[in-house]
Structures are given as structure tokens and as C-alpha cells.
1. Just name the residue that is surrounded by the fewest Cβ atoms within 10 Å (Cβ to Cβ) out of those in the range 218-236 that are under 14 Å from His155 (Cβ atoms) and acidic (Asp, Glu).
2. From the list Ile73, Ile8, Ile39, Ile91, which one is of a type in the set (Val, Ile, Thr) and exposed (fewer than 15 other Cβ atoms within 10 Å of the Cβ)?
3. Going through the range 120-163 one residue at a time, which ones are within 22 Å of the chain's Cα centre (by Cα), β-branched (Val, Ile, Thr) and in a helix (DSSP H, G or I)?
4. Looking at (1) surrounded by fewer than 16 Cβ atoms within 10 Å (Cβ to Cβ); (2) outside the structural domain of Met144 (by TED's automatic domain parsing), which is the only condition Pro124 fails?
5. Among the residues of the range 131-142, is any out of contact with any Asp or Glu (no Cβ under 6 Å at 6 or more places or on another chain), free of Cβ contacts under 8 Å to residues at least 40 places away in the same chain and within 24 Å of Gly21 (Cα to Cα)?
6. Would you mind stating whether Ser161 is modelled with pLDDT of 95 or more, among the polar types (S, T, N, Q) and surrounded by 15 or more Cβ atoms within 10 Å (Cβ to Cβ)?
7. Of the conditions (1) at pLDDT below 95; (2) part of a strand (DSSP E or B), Val92 satisfies every one except a single condition; which number is it?
8. Identify the residue in the range 42-52 that is touching a Phe, Trp or Tyr at 6+ places or on another chain (Cβ under 7 Å) and under 22 Å from Glu247 (Cα atoms) and, among all such residues, is surrounded by the fewest Cβ atoms within 10 Å (Cβ to Cβ).
Amino acid sequence: MEEKLRRIKLIVAYDGTNYCGWQVQPNGVSIQSVLQQHIEELTGEKIMLTGASRTDSGVHALGQVAVFDTKKIWPAERFVPALNQRLPKDIVIQSAEEVGPDFHPRYQNTVKTYEYRILNSRVPVPTERLYSYFVPQKLDVEAMREAAEEILGKHDFHNFSSTKTKVKDTVRTITDIRLKKEGDMIYLRITGDGFLYNMVRIIVGGLLKVGFHKKTKEDILRSLESEERYVVGSTAPPQGLTLVNIEYLE
């Protein structure tokens, strides 16, 4: 009798600095390829690891979700210490559980939360250089906060996505967006039912223009409402971005 395949769901945290992103690339080391290699060595099986979010080069994660199928009969939680002993220090399995065979990390109703960090100080901080975007010019945080509120709700975000976006439906719903400043660090935390390619980083780029008083919240609104290509700001760099959490809805 053939052994039954089990689907294991992992919650993965990683520092994306040294990787070309989540997805396997022909000329670069990816999170997916490293993790998949160690799972195969551990199980002795050829597996396919599928992730929920294809984070870019340099982007970090605290709550990436990935699944793989295995014939191993171990308790799912045993994969946590077994993989963490093998993985490099910049990739850590937070948890593991068995899920149904139909569970797919991408094709489910989800709520995703991202955080972007901006270091707004006169001089850079060396220990923050890989985890925030250094902006020495003074920013009007209150103007940025007011402009961010325009993004709340259901909109067509085609002007807040890269031209490389392949999806046809660019409508997304943002359920929460918060911008706060603690000391010299500005945190933008945004939650929604999905995000387009580079969407969060382009939102940050637009809000930075507002913070410099080069654009207004009306420009943000125009970008949301315009059918023509109207991008308020440039794409903020990747190192300030972290995938915080993915919540799966019933």
C-alpha cells in the first residue's frame, strides 16, 4: 500500500539581505531554493515548496507561509527544530503544522500585513542600514499620515504597481494603514486582502513625496482614481520592507 502524502505548512522568518528574493531564480540564491534543498536532505524526498508571497530581493519576512508534501510520518512540529538545525542563521522556521491536501498558500482568502521602516535622521545608523530606508531630509509625517488615509478602502491600484505586474485585476482592498514615528524611525504598517508587485514600495514612494511637500494627498487620490498612468513617487528600496503576517480566512 502506497504511503499517503501529508501537506506541511511552515511559517518562515528570514533576513532577505543575502538572497535574490523568495522565488527560485536562474542566477541567484533564493529563500525558496535554500529551504527546499534542506527539506529534501532532511526527508530524503524530492519536494516542491510553494510560498504565499514572492518577496523581492532584499525584502524580509516574519510570517511567510510555505507548504510542501511529504510521506514522512513525523509529527509536523518536529520539522521546526530539525530544519532550524540545518538552515543558515538568516532563515528560521517559526512553526509547522499539518494541513489538508487542498490547502494552497496563495489561492485562499487572506489578509496580509506589511511594514515599511524609514530612518529619518541627519546621519545613518549602521545597524539599521539593512532593515530601513535612510532619508536625511526632514519629512512632514502628519502630511504623510493624512495622505495615507486616502489609500484605505477598495481601489484600483494599477498606478501603485510595477509595469511588470502580470495580473489583470488590479483592484485591492486596504483594511488598515498606520503611520507612526518613534524617535528617528517612521513605521508604515499596511494590511489588505492582497498586494500587487511592488505595491507597498510604490505607496511608500508616493508618501515620501508628500512628506517632502512635492506632492499632496490630492495627488495620491488622483493616482487612485486615474485610468491613465499617474505614479506619484518612485519605488522605495526593498530593505525597508518586511512581510509581517498572513492570516487565512475561513
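1. Among those that are under 14 Å from His155 (Cβ atoms) and acidic (Asp, Glu), it is Glu227.
2. Ile73 is the lone residue from the list that is of a type in the set (Val, Ile, Thr) and exposed (fewer than 15 other Cβ atoms within 10 Å of the Cβ).
3. Correct list: Thr127, Ile151.
4. (2) is the only condition that Pro124 fails.
5. yes
6. Considered against the rule, which asks whether it is modelled with pLDDT of 95 or more, among the polar types (S, T, N, Q) and surrounded by 15 or more Cβ atoms within 10 Å (Cβ to Cβ), Ser161 comes out as no.
7. (1)
8. So the residue we want is Gly51.
The values are calculated or read from the model by the stated rules, or taken from the named source; none is laboratory data. Not measured: the values here are computed from a predicted model. So basically every Cβ, Gly included, is an ideal-geometry build from the backbone, and we count neighbours across all protein chains shown.
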